[in-house]
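Below is one structure, written out as structure tokens; the observations come after it.
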């Protein structure tokens with residue numbers, strides 16, 4: 001048993017009835033969570049963060065539960081390219097339509113955020129190498145504030161990595177926006193594939209955000225004549 005581990009925490013497959021709890025945790029844990037009343041809204045943020053995973057690839061999603069209460073989650077995909085395609089064709093257009101219809105796009109704070117994101121785009125802050133060939137999976141993990149620092153994140157991430165290995169996924173990559181999160185994944189033998197920063201939230205947070213792409217190879221496939229697989233732990 002890990003030190004500090006709550007024996008009542010269990011990791012299980014995501015179920016449809018978990019959707020509300022997962023969305024709530026995603027917004028509360030987001031960088032923009034504390035500004036959800038002034039920048040777009042909680043439903044918009046929850047859709048951006050979770051809708052693809054819960055609505056299109058729920059078999060790749062898992063939750064941490066204590067006494068029938070969801071206290072954390074890891075949402076993921078085995079195929080980032082498929083996720084990007086669904087986001088572009090189905091999810092994002094619907095979100096844009098909703099924002100335009102309810103007038104959210106024209107709120108002062110939202111226009112400020114969009115303007116700053118455009119500046120960041122032209123400064124090259126969103127230019128990130130494409131790692132999907134060697135690292136085709138991704139994840140999104142969050143824990144309620146009460147259960148952070150209790151190894152819940154470690155349980156969730158390890159559970160997801162085992163799921164990927166069983167499905168012969170060769171690698172995983174994702175972005176993190178804090179030094180503490182970067183250190184967490186370095187301890188799990190992830191490597192930094194890319195390092196940059198975001199400045200589009202400076203006007204809210206008062207500082208730039210570090211941006212790291214973390215990656216880990218899981219399964220390597222030999223040549224087609226010998227279809228041996230090996231795992232890198």
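The values are calculated or read from the model by the stated rules, or taken from the named source; none is laboratory data. No experiment lies behind these values; they were computed from the predicted model shown. Cβ atoms come from the backbone with ideal geometry, glycine included; neighbour counts cover every protein chain shown.
Does residue 76 fit the bill of being surrounded by 21 or more Cβ atoms within 10 Å (Cβ to Cβ) and under 24 Å from residue 168 (Cβ atoms)? Before the answer, list the steps.
Values: surrounded by 21 or more Cβ atoms within 10 Å (Cβ to Cβ): yes; under 24 Å from residue 168 (Cβ atoms): yes.
Yes, satisfied.
With respect to residue 53, determine if the residue is buried (at least 17 other Cβ atoms within 10 Å of the Cβ) and under 26 Å from residue 204 (Cα atoms).
no
Grab the helices (runs of 4 or more DSSP H) fully contained in segment 147-233, keeping just those with 2 or more residues being at pLDDT 95 or above, in contact with a helix residue (DSSP H, G or I) (Cβ under 9 Å, 6 or more places away or on another chain) and crowded, with 20+ Cβ neighbours inside 10 Å.
152-166
Which one of 39, 27, 71, 63 is in contact with a helix residue (DSSP H, G or I) (Cβ under 6 Å, 6 or more places away or on another chain), modelled with pLDDT under 85 and surrounded by 14 or more Cβ atoms within 10 Å (Cβ to Cβ)?
39
For segment 64-79, what are the residues that are in contact with a strand residue (DSSP E or B) (Cβ under 7 Å, 6 or more places away or on another chain) and farther than 16 Å from residue 161 by Cβ?
65, 66, 70, 71
Of everything in segment 177-200, what is over 18 Å from the mean Cα position of the chain (by Cα) and touching a residue at least 60 places away in the same chain (Cβ under 8 Å)? Give them in sequence order.
199, 200 - these are the residues of segment 177-200 that are over 18 Å from the mean Cα position of the chain (by Cα) and touching a residue at least 60 places away in the same chain (Cβ under 8 Å).
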